[in-house]
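Report on the following structure.
The values are calculated or read from the model by the stated rules, or taken from the named source; none is laboratory data. What you see is a predicted model, and the numbers here were worked out from it, not measured in a lab. With ideal geometry, Cβ positions are generated from the backbone for all residues, glycine too; neighbour counts draw on all protein chains shown.
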Amino acid sequence: MAPVLDVRDLSIRFGGLRALDDVSLDVGEWEIVGLIGPNGAGKTTLFNCLTGIYRPDKGTVKYRAKDITRSATHRRVALGIGRTWQNLGVIRSLTVMENVMTAQHAHVRYGAFSGLLGSPASFLEERELRANAHEILDFLGLLPLAEEPVGGLPYGVQKLCDLAMALATDPDVLLLDEPSSGMGPQEAERLGETLRFLRDSLNLTILMIEHHVPLVVGVCDYVYVLNFGKLLAKGPPSEIQRHPEVVAAYLGEEADAAS
Amino acid sequence: MATRSARVGDEGPAGGETRRETGVVPIPDSADAPTVTRAPATEEVATRLRSTRSLPAKAAPAGAPARGFRLSRVGIASRATVAALIAAGVLLLPIPLDNVWRSRMALAVIFAVIGLSVNVITGHAGQISLGHQAFVGIGAFMSAYVVARFNFAAGFLAAGLTGAMLALILGLVALRIRGLYLALITLAFGLMAENTIFGIRGFTGGGAGAPAPRPALFQSDLAYVYLCLAVLAASLLVDWRLLRTKAGRAVVALRNDERVAATLGINVTQFKLLAFVVGGFMAGMAGSLFAHWNQFVQAEDFELRRALVWVLMAVVGGLGSRAGIVIGSAFFALFDFVVADIAGGSTWHLPLVGDVLVIILAPLFGAFLLLLTLTLYPGGIGQQLLPVRRWLAGGPFLERAHRPSREKKEERD
């Protein structure tokens, strides 16, 4: 069985900066894989390569043995790659419900113009989309806020709305960019439970960027560590925690001095 | 998971060589593969999920317009009555008017269609268009050209299609260029159209212009107002459906952030072009109506000044608000006439002062309104109309006034 995501020798440079340098990783079915590293290590850049926002200079990205290195972002979404954003991908002017309906875009069957001209099929399907969104919001406990404009909601709720949107794209593999940012330690711990639960109930595979170490240790099956665009280490969380270079990178010291 | 350990096995040492010391920790073979059983998302599942997360319950009612508000039968009846009165008022308005005002009303309605077309491109898609006179103008000339050879319906349709085509070309530019530079390019595009396309003698009659006769059915000013109103109604309908179907949501999402929109599965290229095409089609139709309103087309009618007024009226009306844009557009269409009427009124006609009023006051007033809008009501007339809209949609006229104090109290607690 091929891994869900198979990344080989990914490199990208911006001017003189090697943002990613021969990074290889794979994410197996139903795994929750953590991606950690100091700021500027290239974690979000890697996400952008996986979702097709950046085109890597070198290397391949395979999704279930299918090479998607050059395919457009929206096609990857249709294949089943969903993501959340560190700075939130919500549309602040729309309501929570409208945001989640927008996120179902890839699965709408009626044509854009038939919707514009008000075809009966579009009305029927809109009802279906609303029902789907209703279900997702109920699932995440956002239903009471469904008709609120997202811009006016607290950060934590917006974050949840972002997750709801990612789920609405009906992903197979979910890329989470710092899901615990803006949360207290206790909330972060609960988030771990939520993620496991999402994985189990929605049959997801998760790759997440995360800084909160207890969360990573508690929930991840496997961890990759990036530093200055290079893969510094990989392994199960318990080993990564003790890895001297990882400790050094996080403390900002020279690896040699630490070891 | 066998593939993973195998791959890591033969890749691990190779990776280690390129890095100093032992950069890579090999995965132990005992790494337990997650054995997950699939479970459907049941109600039980949902409750469990909810219990794992703390959602601030007090945030729930904040800002909800219609929460805890139930319509009585009287409420429904009164709202229906007001809505019907507004519709009847607009529909019956042309009948008591004289021909001069009927003609002016037709222009106001045409401006409203143009305002809606600006709204699709600039309001929904967020692509500033300062070359709108090109779309409207090409529609006007195309309509006059085709009507002279075929009939009005063909001319009207051709006007919409050429407007859409021209907008599509500009849309292709907008795929690459954003913000201020796009504004400059659209500006240059409009000027170019003015000086080249509108000057083709065989097509537009050159500087002399071209006649644009009305069809027999809509010869009278009264009938023509209703034709324009019908086109406005169709445009409003399309705008309404746009925002409530996938196309509009995609367009709004790409205005918000193109990269995020793409990760929601939206083909950004396709839907940006769609916005231009829809806006261009509306502008072309409006151009056709404009040509036959005047019964004559000339390039002077489609100067940059006009395009600026059209953007102005859409902004003052409130981008994104249909009702606001219709009112704003009508205001800007009629304002010049009203000022001219007053300044040229026989009762207190002052030479010079009257002319100064018309030439200086009208543009100045437009600029003043824009400033007022940007500082006080960024949502334009649409924002000011919000209570009315909320009320008509079945909510309370005013939001409950005691809410802020209650929130404060909760914070203290």
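Condition test on A:ALA106, is it in contact (Cβ under 8 Å) with a residue 24 or more places away in the chain, crowded, with 17+ Cβ neighbours inside 10 Å and either of a type in the set (A, V, I, L, M, F, W, C) or more than 7 Å from chain B (Cβ to nearest Cβ) (or both)? Explain how you work it out, then say what you get.
Values: in contact (Cβ under 8 Å) with a residue 24 or more places away in the chain: yes; crowded, with 17+ Cβ neighbours inside 10 Å: yes; either of a type in the set (A, V, I, L, M, F, W, C) or more than 7 Å from chain B (Cβ to nearest Cβ) (or both): yes.
Yes; evaluated as a whole, the condition is true for this residue.
Considering only residues that are surrounded by fewer than 22 Cβ atoms within 10 Å (Cβ to Cβ) and within 9 Å of chain A (Cβ to nearest Cβ), look in region B:244-259 and name the one that is nearest to B:LEU172 (Cα to Cα). Show your work before the answer.
Here is the first cut: in region B:244-259, the residues surrounded by fewer than 22 Cβ atoms within 10 Å (Cβ to Cβ) are B:244, B:255-259.
Going one step further and asking which of them are within 9 Å of chain A (Cβ to nearest Cβ), we end up with B:244, B:255-257, B:259.
Details: B:ARG244: 25, B:ARG255: 16, B:ASN256: 19, B:ASP257: 18, B:ARG259: 18 Å.
Residue satisfying both the conditions and the ranking: B:ARG255.
Would you check which residues across region A:94-113 are hydroxyl-bearing (Ser, Thr, Tyr) and not in a loop (DSSP other than H, G, I, E, B) and list them?
Within region A:94-113, the first condition is being hydroxyl-bearing (Ser, Thr, Tyr), and the residues that meet it are A:95, A:102, A:110.
Across region A:94-113, the qualifying residues are A:THR95, A:THR102.
Would you pick out the residues in region A:165-190 that are among the acidic types (Asp, Glu) and more than 7 Å from chain B (Cβ to nearest Cβ)? Steps first, answer last, please.
Kept after step one, since they are among the acidic types (Asp, Glu), are these residues of region A:165-190: A:170, A:172, A:177-178, A:187, A:189.
Residues satisfying the conditions are A:ASP170, A:ASP172, A:ASP177, A:GLU178, A:GLU189.
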### Task
Just one of (1) within 14 Å of another protein chain (Cβ to nearest Cβ); (2) outside any loop (DSSP other than H, G, I, E, B) trips up A:VAL61, so point out which.
(1)
### Task
Take region A:66-80 and flag every residue that is in contact with a helix residue (DSSP H, G or I) (Cβ under 7 Å, 6 or more places away or on another chain) and over 16 Å from B:VAL268 (Cβ atoms).
A:ILE68
### Task
Could you please give the count of residues in region A:4-16 that are in contact (Cβ under 8 Å) with a residue 40 or more places away in the chain, of a type in the set (A, V, I, L, M, F, W, C) and part of a strand (DSSP E or B)?
4
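Yes/no per residue for (1) over 19 Å from the mean Cα position of the chain (by Cα); (2) more than 8 Å from every other protein chain (Cβ to nearest Cβ); (3) part of a strand (DSSP E or B):
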| site | (1), (2), (3) |
| --- | --- |
| A:ASP22 | yes, no, yes |
| A:LEU35 | no, yes, yes |
| A:ILE53 | no, no, no |
| A:ARG76 | no, yes, no |
| A:GLY89 | no, no, no |
| A:ARG92 | yes, no, no |
| A:GLY115 | yes, no, no |
| A:SER122 | yes, no, no |
| A:GLU125 | yes, yes, no |
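Suppose the filter is touching a helix residue (DSSP H, G or I) at 6+ places or on another chain (Cβ under 9 Å) and part of a loop (DSSP other than H, G, I, E, B); does A:ARG130 pass it? Can you show your working first?
Values: touching a helix residue (DSSP H, G or I) at 6+ places or on another chain (Cβ under 9 Å): yes; part of a loop (DSSP other than H, G, I, E, B): no.
No.
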### Task
Determine whether A:GLY192 is surrounded by fewer than 20 Cβ atoms within 10 Å (Cβ to Cβ) and in contact with a helix residue (DSSP H, G or I) (Cβ under 9 Å, 6 or more places away or on another chain).
no
### Message
For region A:64-74, check the following and say yes or no: at least one residue is more than 8 Å from chain B (Cβ to nearest Cβ), in contact (Cβ under 8 Å) with a residue 24 or more places away in the chain and in a loop (DSSP other than H, G, I, E, B).
### Response
yes
#### Entry: Failed condition for A:ASP162, given (1) facing chain B (nearest Cβ under 10 Å); (2) at pLDDT below 90
(2)
### Summary
Counted residues in region B:198-211 being surrounded by fewer than 19 Cβ atoms within 10 Å (Cβ to Cβ) and in contact with a Ser or Thr (Cβ under 9 Å, 6 or more places away or on another chain) come to 0
### Summary
Filtering region A:31-53 down to residues that are at pLDDT below 90 and surrounded by fewer than 20 Cβ atoms within 10 Å (Cβ to Cβ) yields A:PRO38, A:ASN39, A:GLY40
### Query
Out of region B:109-158, which residues are part of a loop (DSSP other than H, G, I, E, B) and in contact with a Ser or Thr (Cβ under 9 Å, 6 or more places away or on another chain)?
B:GLN127, B:ILE128, B:SER129, B:LEU130, B:GLY131
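Of the residues A:LEU226, A:LEU232, only one is part of a strand (DSSP E or B), at the interface with chain B (Cβ under 10 Å from one of its Cβ atoms), in contact (Cβ under 8 Å) with a residue 40 or more places away in the chain and over 26 Å from A:MET97 (Cα atoms); which?
On the way: A:LEU226 fails: at the interface with chain B (Cβ under 10 Å from one of its Cβ atoms).
Sole residue among the options that is part of a strand (DSSP E or B), at the interface with chain B (Cβ under 10 Å from one of its Cβ atoms), in contact (Cβ under 8 Å) with a residue 40 or more places away in the chain and over 26 Å from A:MET97 (Cα atoms): A:LEU232.
For region B:355-365, check the following and say yes or no: at least one residue is in contact with an Asp or Glu (Cβ under 9 Å, 6 or more places away or on another chain), assigned to a helix (DSSP H, G or I), of a type in the set (Val, Ile, Thr) and at pLDDT below 85. Can you show your working first?
Taking region B:355-365 as the starting set, the residues that turn out to be in contact with an Asp or Glu (Cβ under 9 Å, 6 or more places away or on another chain) are B:358, B:362.
Then keep just the ones that are assigned to a helix (DSSP H, G or I); that gives B:358, B:362.
Restricting the remaining residues to those that are of a type in the set (Val, Ile, Thr) gives B:358.
Filter again for at pLDDT below 85, leaving B:358.
Scanning region B:355-365, I find at least one residue that is in contact with an Asp or Glu (Cβ under 9 Å, 6 or more places away or on another chain), assigned to a helix (DSSP H, G or I), of a type in the set (Val, Ile, Thr) and at pLDDT below 85, so the answer is yes.
Only one residue in B:ALA140, B:ALA134, B:ALA106, B:ALA148 is buried (at least 22 other Cβ atoms within 10 Å of the Cβ), touching a strand residue (DSSP E or B) at 6+ places or on another chain (Cβ under 8 Å) and closer than 30 Å to B:GLY202 by Cβ, so which one is that? Outline the logic, then answer.
Values: B:ALA134 fails: touching a strand residue (DSSP E or B) at 6+ places or on another chain (Cβ under 8 Å); B:ALA106 fails: touching a strand residue (DSSP E or B) at 6+ places or on another chain (Cβ under 8 Å); B:ALA148 fails: buried (at least 22 other Cβ atoms within 10 Å of the Cβ).
One residue alone meets the criteria, B:ALA140.
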### Task
Identify all residues within region A:137-149 that are closer than 17 Å to A:ILE91 by Cβ and more than 9 Å from every other protein chain (Cβ to nearest Cβ); write none if there are none.
A:LEU137, A:ALA146
